[in-house]
Every structure is written in structure tokens, then in C-alpha cells.
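In what follows, a single structure is set out as C-alpha cells and then discussed.
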Ligand code: TMP
């Protein structure tokens, strides 16, 4: 595959969206051929699935249904958008990917990391990012801030024990899924977090240019 697949990961409120905007601005300034996207969502079908998953009305959604919906959104995302862009040699920048399902559904919902990995691998044929930037920050403080500001979607509204489990899930996964993964201290200033992200992104672009 000629392109480069980059995923941004981390707990709710870790500042991913802000850094994503700055990376997009940077890619535009550098005339880099890229697409930016997000999960759940990223395609018309995926955005409809996102609406169902995050709708506050869907309080009685089973954990299994939730995991399958995230995987369905991801399957559509990969086949319709990510793979064609990578084949065309573009950089794909995605806010969240499979690691989110392993942490939130696998550990947060207690479905099991392996079980969630399996349904996802069926949906996405084992595709993994070439680089994952993990924005590390204590989730409890940031989540309280986010929920009080915006009232929160169905997942954000889950109690702090759910988000603590998600956080410990991520910590477990950082050890076992460390391939192509870089941890960034997201408690630092936006400028520092952004410039650290760019260092990792430039490294992978340079490596890819050497191979091609
Ligand atoms: P967002 O706020 O980053 O757009 O993501 C929406 C919510 O969905 C967020 O609380 C994290 C959650 N999520 C999962 O639980 N599993 C997943 O696979 C993904 C992609 C997101």
C-alpha cells in the first residue's frame, strides 16, 4: 500500500480534535495529499450508525450491539474510504480506530479484548494503522470538564467507573499493541503536543519516502 494510515487515539477529552485540526492545517500548508476522517462515522452510512450509537435515547443498547455497530461503521469506513485513499497514495488521518473499540467495548464494557478484536478483524480484514498517536491524559478530570460544558453524548454520560475501566484498558493495550504506537503526554501545552505529533508524523513520512 502506497499511502500512510495515521490514527489518533485517547480517552474522551484528551484533546485529539484540537490536535487533529492543527495537523490538517499543517498538511494543507505543506501541500500534502491527505484525507481526514473520524470514527464512528467517516462515511454517510457510518455517520448514520454514529447517530444511533451516541443517541442519548438509546439507553438500553446492549454492549454486544454497541460493539457490532462500531465494527460495522469501521467496516464501511475501511472499504469505502480508507483503503481507496491508501491505494491512491494518500495519507489517511483518522480520529480513532480499532484501539478505541478494544478499550471501550473490550475493557470498558467487559466484552473481552480478543472477542472485540475478532469481530473487528472480520469487518476490516486486519487493517492496522502505520502510526497511532496515543494522547495520554488522566480521563477523569477532562471528562468532567467536557460533560459539564456540552452535556455529553451517550458514551460520555457513562459514569466515571466506566471511563476508569476504559483508561485502564488503554494502559493494558499500550503494552500489548505497542507496534507503530507513540504515546504523547497530552497534559502539556497544545503547542508542545502538536509539535511532538509532527515529529512522529514527519518520521514516518520520511521512512516511507526512503522505501518507495
Ligand atoms: P468521539 O467523541 O471521539 O467522536 O467518539 C465518540 C465516542 O465513541 C467516544 O466516547 C468514544 C466512543 N468509541 C467507542 O466506544 N468505541 C469505538 O470503537 C470508537 C471509535 C469510539
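Once the Cα atoms of helix 190-211 and of the chain are each reduced to a long axis, what angle between those two axes, in degrees from 0 to 90 to the nearest 10, is obtained?
Rounded to the nearest ten degrees, it is 50.
Taking the beta-carbon count within 10 Å as an exposure proxy, list 170, 26 from fewest neighbours to most.
Working: 170 25, 26 16.
Going from least to most buried by this count: 26, 170.
To the nearest 10 degrees, how steep is helix 16-29 against the longest Cα principal axis of the chain, on a 0 to 90 scale?
It works out to around 20 degrees.
Rg and Dmax of the stretch 4-211, Cα atoms, in Å?
That works out to 16.4, 51 Å for Rg and Dmax.
Once you've got the GNM for the chain with C-alpha springs shorter than 10 Å, pick whichever of 76, 25, 182 has the biggest mean-square fluctuation.
Looking only at 76, 25, 182, the largest GNM fluctuation is found for 25.
To make sure I understand, if each residue's beta carbon is the centre and we count other beta carbons within 10 Å, what order do 59, 125, 164 fall in, fewest to most?
Working: 59 8, 125 11, 164 16.
Arranged by neighbour count, lowest to highest, 59, 125, 164 become 59, 125, 164.
Roughly how tilted is helix 160-176, in degrees to the nearest 10 and between 0 and 90, from the longest Cα axis of the chain?
40 degrees
Relative contact order (percent) for the chain, with alpha-carbon contacts under 8 angstrom and 6 or more residues of separation? Display every interim value, and only then the final one.
Values: 316 pairs, mean separation 64.9, N = 212.
Computed value for the chain: 31 percent relative contact order.
Any idea how far apart residue 183 and residue 200 come out in nm if each label point goes 7 Å out from Cα toward Cβ?
It is 1.1 nm.
Read-outs throughout are calculated quantities, based only on the coordinates presented, and are distinct from any laboratory measurement. None of these values were measured; they are calculated from a predicted model. No Cβ is skipped: glycine too gets one built from the backbone with ideal geometry, and neighbour counts run over all protein chains shown.
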